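The values are calculated or read from the model by the stated rules, or taken from the named source; none is laboratory data. Keep in mind that this is a model prediction, so the values were computed, not measured. Reconstructed Cβ throughout: ideal geometry from the backbone, glycine too, with neighbour counts over all protein chains shown. Ligands, DNA and RNA are excluded from the accessible area calculation, which covers all protein heavy atoms including side chains. Shrake-Rupley method; radii C 1.70, N 1.55, O 1.52, S 1.80 Å.
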Amino acid sequence: MPDILYIVVPCYNEQEVLPETAKRLKAKMEQLLKSGSISPKSRVMLVNDGSKDKTWEMIKELHQADRLFTGVNLSRNRGHQNALLAGLMTAKDKADVTISMDADLQDDINAVDKMLEEYYGGCDIVYGIRSSRKRDSFFKRATAESFYRIMNFLGAETVFNHADYRLMSKKALEGLSEFGEVNLFLRGIVPMIGYKTSSVYYERGERFAGKSKYPLRKMLSFALEGITSLSAKPIRYITLIGALIFLISIIMVIYFISRWVIGATVAGWASIVCSIWGIGGLIMLSLGIIGEYIGKIYLETKARPKFIIETVLKDD
Ligand code: UDP
Ligand code: MG
């Protein structure tokens, strides 16, 4: 018996793309059904993230016309990540395996076949990775790539060029549900789950209709959210800078004392510069140390699971 697949699609003001998206996804699901790689109980789950246009009405119509489509309606707009999580957590109890993708189908849906292959080969998480960004504008490409670099530097480990196009098995979703975080950054959390993972590469296309729901403003706040919700590394850097400045002030003191010995100093100047650097360094250092504790408290309040058990051997 093949497994039940749920394709989870968050939708925010997507009335322009929904009809075409539904058509393409239906064709894909029928092809998968025919080849026997998914169960007839498989569904396309459209999550309406508090859209202001006709998105939810359209989802209801799709569901009326064809039971392949099912929907989840959020009480209001909560953003892409939360909408996606709501869909995944609802699908978890019904599906054996889920694939999340954007409503604009910029991510090649033909990669689904390869993802399922990896899944049947024993993987619990399969990342969809863009093999190139040729079709993105230079600006989008540059900002997106520096996004991954800066994120990694600041301690938010993410999979390079992977957005939220990924396959997750029921087991992986149960792992995900253990994370009780409010600040949600799925791309950083999913690698923490573990299990056997693999990647599938594809070409990213253009949005075929409608406008991007991720303007630069949202991208920046998303990046900030990612960094601050995953790690306390920025605090560590403040501590380091503070320590460095304090060190420089000590070197200055030694230098000026030696100048004073040979009588080559301007009166008053050295003592002021040294105290500015010395005190400045100490202030930053102490802020960093306080920050370290706050960082600890912060990570504690997130109450992340310390481990997720994959298998327990039965002894009978
Ligand atoms: N989206 C959402 N809630 C939001 C913003 C976006 O559910 O508040 C969905 C949107 O409908 C789409 C996906 O997130 O399915 C990605 O958005 P988009 O394609 O506009 O982003 P881009 O590809 O430009 O980064
Ligand atoms: Mg898009």
Legend entry - Cβ-Cβ under 6 Å pairs, at least 6 apart or on other chains, segment 204-217 side within 18 Å of D108 (Cα to Cα), far side more than 10 Å from ligand 1 (Cβ to nearest atom) and modelled with pLDDT of 75 or more: R204/R130; A209/E16; G210/E16
Inset, instruction - Please state which one of L85, L105, L74 is modelled with pLDDT under 90, on the phi > 0 side of the Ramachandran plot and open to solvent by 10 Å² or more (accessible area, probe 1.4 Å). - result: L105
Legend entry - Residue list for segment 193-213, restricted to those being under 15 Å from V112 (Cβ atoms) and part of a strand (DSSP E or B): S198, S199, V200, Y201, Y202, R204
Inset, instruction - Please specify each residue of segment 140-173 satisfying the condition of being within 16 Å of ligand 2 (Cβ to nearest atom) and at pLDDT below 80. - result: K140, R141, T143, A144, F147
Inset, instruction - Would you check if I235 is away from ligand 1 (no atom under 16 Å from the Cβ), modelled with pLDDT of 85 or more and within 30 Å of V273 (Cβ to Cβ)? - result: no
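Which one of these is under 18 Å from the mean Cα position of the chain (by Cα) and either without any contact (Cβ under 8 Å) to a residue 12 or more places away in the chain or within 16 Å of ligand 2 (Cβ to nearest atom) (or both): S221, S198, S231? Reasoning before the result, please.
Details: S198 fails: either without any contact (Cβ under 8 Å) to a residue 12 or more places away in the chain or within 16 Å of ligand 2 (Cβ to nearest atom) (or both); S231 fails: either without any contact (Cβ under 8 Å) to a residue 12 or more places away in the chain or within 16 Å of ligand 2 (Cβ to nearest atom) (or both).
Sole residue among the options that is under 18 Å from the mean Cα position of the chain (by Cα) and either without any contact (Cβ under 8 Å) to a residue 12 or more places away in the chain or within 16 Å of ligand 2 (Cβ to nearest atom) (or both): S221.
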Inset, instruction - Quickly run through segment 108-136 and pick out the residues that are within 13 Å of ligand 2 (Cβ to nearest atom) and surrounded by fewer than 20 Cβ atoms within 10 Å (Cβ to Cβ). - result: D108, R133, R135, D136
Inset, instruction - Confirm whether I251 is under 34 Å from the mean Cα position of the chain (by Cα), more than 16 Å from ligand 2 (Cβ to nearest atom) and open to solvent by 60 Å² or more (accessible area, probe 1.4 Å). - result: no
